[in-house]
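Peer 1: Sending over a structure as structure tokens; questions will come in a sec.
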């Protein structure tokens, strides 16, 4: 089993979240780049034609190199050159698992953070998707909780937290659906 890589990198005023994972069912090594929870591009490498000697160690090394290549491109301001914009045949094989934050403008009330999320795969609802949440804030141990998406792919969590702590907090959400995984990091802020 190959573990993926998740890295936040800043260029200018933008924080990019870079996620790399082996998509075993599609024989792909995929790196996705997110800004504010939205995927802005990806790099995918197929290993379908590789020999049977191309094992987990080789896949992990190639995935690590691909992840580093995208991070370096962001730092150098050349992200567009690193992404798969010109390889539609590779991108067409990727069924995208997405996590959307539905109520990002109104999430804190009565000392609770309430997040409504929707999980989709290739634009269609992902019913039964399992979501794992990691809520982190300075000076406290991370808080974990889980939810399961309903028939429309929607899920909701509620975490007790003071609104004043939100700007220092982050929420990592991992969605799992039919062997696919998507991880998103959301930064929180106080209401204006």
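The values are calculated or read from the model by the stated rules, or taken from the named source; none is laboratory data. Everything numeric in this text was worked out from a predicted model, so none of it was measured. Every residue, glycine among them, receives a Cβ derived from its backbone with ideal geometry; neighbour counts consider all protein chains shown.
Peer 1: Scan the range 143-161 for residues that are surrounded by fewer than 12 Cβ atoms within 10 Å (Cβ to Cβ) and over 17 Å from residue 122 (Cα atoms) and jot them down.
Peer 2: Once the filter is applied, which keeps residues that are surrounded by fewer than 12 Cβ atoms within 10 Å (Cβ to Cβ) and over 17 Å from residue 122 (Cα atoms), the range 143-161 yields 144, 146, 148, 160.
Peer 1: Give me the pairs: first residue in the range 139-160 and assigned by TED's automatic domain parsing to the domain that holds residue 177, second residue buried (at least 18 other Cβ atoms within 10 Å of the Cβ) and assigned to a loop (DSSP other than H, G, I, E, B), beta-carbon distance under 7 Å, and six or more apart or on different chains, which are they?
Peer 2: Note: pairs meeting the criteria are 149/126; 149/129; 153/126; 153/129; 155/149.
Peer 1: Do the conditions hold for residue 132, that is, is it surrounded by fewer than 20 Cβ atoms within 10 Å (Cβ to Cβ), part of a strand (DSSP E or B), in contact (Cβ under 8 Å) with a residue 12 or more places away in the chain and more than 19 Å from the chain's Cα centre (by Cα)? Step through it out loud before you land on a result.
Peer 2: Working: surrounded by fewer than 20 Cβ atoms within 10 Å (Cβ to Cβ): yes; part of a strand (DSSP E or B): yes; in contact (Cβ under 8 Å) with a residue 12 or more places away in the chain: yes; more than 19 Å from the chain's Cα centre (by Cα): no.
Against the criterion (surrounded by fewer than 20 Cβ atoms within 10 Å (Cβ to Cβ), part of a strand (DSSP E or B), in contact (Cβ under 8 Å) with a residue 12 or more places away in the chain and more than 19 Å from the chain's Cα centre (by Cα)), residue 132 does not qualify.
This table checks each residue for (1) closer than 23 Å to residue 119 by Cβ; (2) surrounded by fewer than 18 Cβ atoms within 10 Å (Cβ to Cβ); (3) without any contact (Cβ under 8 Å) to a residue 12 or more places away in the chain.
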{"site": "14", "(1), (2), (3)": "no, yes, no"}
{"site": "20", "(1), (2), (3)": "yes, no, no"}
{"site": "24", "(1), (2), (3)": "yes, yes, no"}
{"site": "33", "(1), (2), (3)": "yes, no, no"}
{"site": "44", "(1), (2), (3)": "yes, no, no"}
{"site": "54", "(1), (2), (3)": "no, yes, yes"}
{"site": "57", "(1), (2), (3)": "no, yes, yes"}
{"site": "66", "(1), (2), (3)": "no, no, no"}
{"site": "72", "(1), (2), (3)": "no, yes, yes"}
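Peer 1: Name the pairs: first residue in the range 102-123 and in the same structural domain as residue 178 (by TED's automatic domain parsing) and farther than 11 Å from residue 155 by Cα, second residue assigned to a loop (DSSP other than H, G, I, E, B) and at pLDDT 80 or above, Cβ to Cβ under 6 Å, at least 6 apart or on different chains?
Peer 2: Partner pairs satisfying both residue conditions: 113/161; 120/126; 120/153.
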